[in-house]
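Heads up: the structure comes next, in structure tokens.
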Amino acid sequence: MTKTYSPGPLMKQICAIPNLVAAWRAVRGNITVNRRPHSCGVDEVSVAAFEQQWEENLAELSRSMLEGRYRPLPPRRVEVRKPGGGKRAIGVLAVRDRVAQRAAHQVLDPLFDEQFLDCSYGFRTGRSVEDAVHRVQCYRQAGCAWVVHADVIACFDTLDHKLLMRFVAETVRERGVLQLIEGWLEAGVLETDAEVYRVPGAWERLLNSATGRLRSSAPFSRWPDEEGESIRDLVPDGGWQRRELAKQLGTDALLAGLTVARPTMEKVLPGLHRLVRRRRVIWGAAGLVGVGALASAWLLLRWLAPRPHGALQGGALSPLLANVYLHQFDRAVTDAGENLVRFADDFVICCPERGAAERAGELAARELADLRLRLNQAKSHVVSFDQGFRFLGRRFK
């Protein structure tokens, strides 16, 4: 008996023809008329070609998504010139995938937006750069003379898929919609020339997970602020943590091994002598050990495998997913009582004193590390309003 696919209410809203028509109009409106014959993905179906039979194309897209047959295509790799020289690789989605993502965004955005905090301004309906700038000015007038101005390095390229899908699943419960988003994430991963956060290995992940209690006492490296003065770095020196913890773990493991080895062997040897007399038990035990070894090897390989990460910049859903991901950061920082203003991956924390600003920066670095993100040291600093700084294209001084 063939298992039928039953879409939930969210999927039905996404695939509704009026919603797809609105999504198609938004996609077409983003492309100028002279570029429509050339704007296409790997299937080489341009916006102009899609437009010739747009009603039939939208109907087929709706049916394929409702029936679970829809599979996103990989993006077409295109290199564009940077204003300062060099080239950057971007991904161009197929037209049908652009429409599908836009349709999903139109349904999912209101669900998540009502959960986002007031400190978040980027890619949200009814909020703008001017609103974020005004909030910073309000904090200055309230007596906040110092700020932590920070930027997340290669944020879109380093979003951890497993964490992201866990955050999305807290609001979206439909399996079909979750599979849809996961498919876009997997199809949208492509190599970029951005500096990305390297996926840590197994031993490094073990040390990182155990160094949480060492963070408060870890030394910090130093970097210059905008005025050339050295200040405390916002990113803990992970090498010091790993060296200290490796020494501690090695000593503890050696002592534990010496302590447990002799009494363990005294208990195990009599049992082994009894097993030798019973061949069936031996073969059964060997089979269990083999199955356990295979299962352990499978789990170890999964654990050692690189974690998929990154969201395609330019996709309609990527900004929303980035806000969902960084919403965890917003909650942690604001729950600590800090005055956070965030626009996408660029943020400031306003504080009354320099010491409070440095502590807020350390908190931000720790919370981002828990999300497998890190600060861009070249663009992150503690600075006063008197010294001045730039945020969202505006100069504060």
(request) Taking the options A142, A132, name whichever one is closer than 25 Å to A336 by Cα and either in contact with a Cys (Cβ under 8 Å, 6 or more places away or on another chain) or surrounded by fewer than 17 Cβ atoms within 10 Å (Cβ to Cβ) (or both). (result) A142
(message) Whether any residue in the range 45-52 is small (G, A, S) and touching a Lys or Arg at 6+ places or on another chain (Cβ under 7 Å) is what I want to check.
(response) yes
(request) Determine the pairs where a residue that is surrounded by fewer than 17 Cβ atoms within 10 Å (Cβ to Cβ), located within the range 159-177, has a partner that is among the small types (G, A, S) with Cβ atoms under 7 Å apart, the partner being 6 or more residues away or on another chain. (result) E174/G8
(request) Would you check which residues across the range 366-386 are open to solvent by less than 10 Å² (accessible area, probe 1.4 Å) and in a helix (DSSP H, G or I) and list them? (result) L368
(request) Could you tell me whether any residue of the range 9-20 is over 26 Å from Q179 (Cα atoms) and either of a type in the set (S, T, Y) or part of a helix (DSSP H, G or I) (or both)? (result) no
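Mind checking whether some residue in the range 127-134 is over 25 Å from A16 (Cα atoms), of a type in the set (S, T, Y) and in contact (Cβ under 8 Å) with a residue 60 or more places away in the chain?
no
When the residues of the range 310-362 are filtered to those that are over 30 Å from P75 (Cβ atoms) and touching an Asp or Glu at 6+ places or on another chain (Cβ under 7 Å), which remaining residue is most open to solvent (accessible area, probe 1.4 Å)?
Our first condition is that a residue be over 30 Å from P75 (Cβ atoms); within the range 310-362, this holds for 331-341, 348-362.
Those still in the list that are touching an Asp or Glu at 6+ places or on another chain (Cβ under 7 Å) too: 332-333, 340, 349, 360.
Details: A332: 28, V333: 1, L340: 3, I349: 0, A360: 1 Å².
Only one residue fits best here, namely A332.
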(request) For the range 59-71, name all the residues that are touching a Lys or Arg at 6+ places or on another chain (Cβ under 9 Å), open to solvent by less than 50 Å² (accessible area, probe 1.4 Å) and not aromatic (F, W, Y). (result) L61, S64
(request) Give the residue that is modelled with the lowest pLDDT, with candidates limited to residues of the range 1-44 that are open to solvent by less than 50 Å² (accessible area, probe 1.4 Å) and more than 19 Å from A316 (Cβ to Cβ). (result) P7
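The values are calculated or read from the model by the stated rules, or taken from the named source; none is laboratory data. Since we're looking at a predicted model, the values are computed, not measured. Virtual Cβ from ideal backbone geometry, glycine too; neighbours counted across all protein chains shown. Ligands, DNA and RNA are stripped out before the accessible areas are found, and what is left, the full protein with its side chains, is counted by its heavy atoms. Shrake-Rupley method; radii C 1.70, N 1.55, O 1.52, S 1.80 Å.
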